[in-house]
Each structure stands twice: as C-alpha cells, then as structure tokens.
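I have placed the structure first, in the form of structure tokens, so that the comments after it can refer back to it.
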Amino acid sequence: MSSTSPVARPTPITTLNERGESIFPSRRGLANIPVPRTSARRLVVGIVAAYPSMRAGLGALVQGDTSLTASAIAPAALAAASGMPALGQISDADVILVEPGDLGQETLANLVALGREEGVPLLWLGSHGLPENALSGRHAGGVISPDAESETVVAAIRAAQQGLYVLDPSVSQVDISAQAQASGQNPEAVPTTLSPREREVLGLVASGLPNKAIARSLGISDHTVKFHVSSVLTKLDAGSRTEAVTIATRQGILSL
C-alpha cells in the first residue's frame, strides 16, 4: 500500500480487529465478519482472470458492495519479467481475487510470489490448476467455490483483508494435502480432522461464547461442552481456546 493510506495492512492470521472484536468465521458463516469502520477508504480488490469479460464480471460483483473497489490486473503484466509490470497494482491492493482457470502456470507462479512478497492476501475462486504453495494456510487469503454467491465472495474478501485464511468445504482434502506436501509444510499445517460436533463447538468458541452459552445453543450439558473443547485442544495441539481458534483458522477448519 502507498504511504498515504490511512489504514495499515493487518498482520496475517490475526485474532481480533482494532476494536477488539472477534473476526473468526463462526458456524453461521463469514457473514459475521465485521465491516471496517475506521476509515471511509474503500478496500481495493485486485482482479486477476484470463479474459476481459471475466475480469469485468468479477469487478462488477466486487463493486456491488459500496465498501469495495475493483482494479483489474492483466495476465500479460503478470507473465512478463517475473510479473514486475503488475507490481504496482498488486502492492496497492488490499486483496487479490483470482479466477485461475486458463491462466498460465508462469502467470500464477509470479502472482503467488509477488502476493507473498508484498503481503497481499490471495483469494482463489476454485483450486484446479493452482501452483505449488498457493493454498498455504500460513498466509491470509484462501479458496472459495467459483460458484459462490456474491455475498459469500464479499465476506471472504473482508475476512482475507483482516488476516484470515478461508477455505470452502467444496475444496477436496486431497488438494489441500497435496499442496501442503508440495510446499514443504509440516503435517500440522494440514487441516486436522474434527468431528461435526467438535466443529460446531469450535465455531461457537470462535464467536466468543462461554461454555454455558455453547451448551444452551447446542442443547447439551456443560460437561459435554468441556469434553469437546478438551478434545479439540488435544487434536489441534493448542494450549488455549484462542490458540485453537488461531490454528483452526490457519488450517481452514473454520471456513465458509
């Protein structure tokens, strides 16, 4: 971002926003991510797609939300000279929204490298054909379905900008494991398997609810909630509820 920007880019994988509000997705989905109110500045979303018509369509979707503005990035700029012609647009963006279909591998690899270098979250519309390391949960961003509704796309953009890694359940575990192995991640970086009930409990923990409120919400006893929380902490190798939520978000367990 330019030095005149009134809002600093958040550190990837944060737990709270500047007002101390939880920004982790709950089981109700990413619609609970708060809209930033610290500035009237609209978030800049870079759009990368193979065809002008596709970039225009995604741009219209993004600008349908008054808090966002779109900036189309031509694939040719990314393909040339290690993507350096596109560096200015990438560094000026808060989030990059990418439709990877029909984009060349060199273009995608340059985009991933520049995004990582500039600290700009990359949000992928689908996982097919992505280069190695593109789905790393160690970076803000993530992957959502190419068929996602506009509300979901906008919510995912906000989540990525606030430092979260989001993952659509439609992305196969095989894809995630392969990406992790290709990028040399630890096994811990590959999403841990939690039961449906454990995911429900973790989602409510991420929403900031205490055990008693979780018990009431799910119709189970406090003791059962404590059991599930303990199981989640053990599986994620977390020392606290906050750490469990952080790890789960990095792994894409708390997702759309």
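The values are calculated or read from the model by the stated rules, or taken from the named source; none is laboratory data. Not measured: the values here are computed from a predicted model. Ideal geometry is used to build each Cβ from the backbone, glycine not excepted, and the neighbour counts take in all protein chains shown.
Residues in the stretch 194-211 that are part of a loop (DSSP other than H, G, I, E, B) and over 14 Å from residue 231 (Cβ atoms): 207, 208, 209, 210.
Answer yes if at least one residue in the stretch 212-226 is surrounded by fewer than 23 Cβ atoms within 10 Å (Cβ to Cβ), assigned to a loop (DSSP other than H, G, I, E, B), on the phi > 0 side of the Ramachandran plot and not polar (S, T, N, Q), and no otherwise.
Going through the stretch 212-226, the residues surrounded by fewer than 23 Cβ atoms within 10 Å (Cβ to Cβ) turn out to be 212-213, 215-224, 226.
Then drop every residue that is not assigned to a loop (DSSP other than H, G, I, E, B), which leaves 219-221.
If we keep only those that are on the phi > 0 side of the Ramachandran plot as well, we get 219.
If we keep only those that are not polar (S, T, N, Q) as well, we get 219.
The answer is yes, given that some residue of the stretch 212-226 is surrounded by fewer than 23 Cβ atoms within 10 Å (Cβ to Cβ), assigned to a loop (DSSP other than H, G, I, E, B), on the phi > 0 side of the Ramachandran plot and not polar (S, T, N, Q).
Checking the condition assigned by TED's automatic domain parsing to the domain that holds residue 51 and over 18 Å from residue 42 (Cβ atoms), which residue from 98, 153 passes? Please lay out each step first, then the result.
On the way: 153 fails: over 18 Å from residue 42 (Cβ atoms).
Result: 98 is the single residue among 98, 153 that is assigned by TED's automatic domain parsing to the domain that holds residue 51 and over 18 Å from residue 42 (Cβ atoms).
With a requirement of 1 or more residues that are modelled with pLDDT of 90 or more, the strands (runs of 3 or more DSSP E) lying completely within the stretch 46-162 that satisfy it span 68-73, 95-98, 122-125. Could you tell me whether any residue of the stretch 82-90 is more than 28 Å from residue 149 (Cβ to Cβ), of a type outside the set (Asp, Glu) and touching an Asp or Glu at 6+ places or on another chain (Cβ under 8 Å)? Yes: one or more hits. Scanning the stretch 95-114 turns up no residue that is surrounded by fewer than 20 Cβ atoms within 10 Å (Cβ to Cβ) and touching a residue at least 60 places away in the same chain (Cβ under 8 Å).
Being in contact with a Lys or Arg (Cβ under 9 Å, 6 or more places away or on another chain) and surrounded by 15 or more Cβ atoms within 10 Å (Cβ to Cβ) is true for just one of 90, 47, 144. Which residue is that? Only one candidate passes the filter, namely 47. The single condition from (1) at pLDDT 80 or above; (2) part of a helix (DSSP H, G or I) that residue 174 fails is (1).
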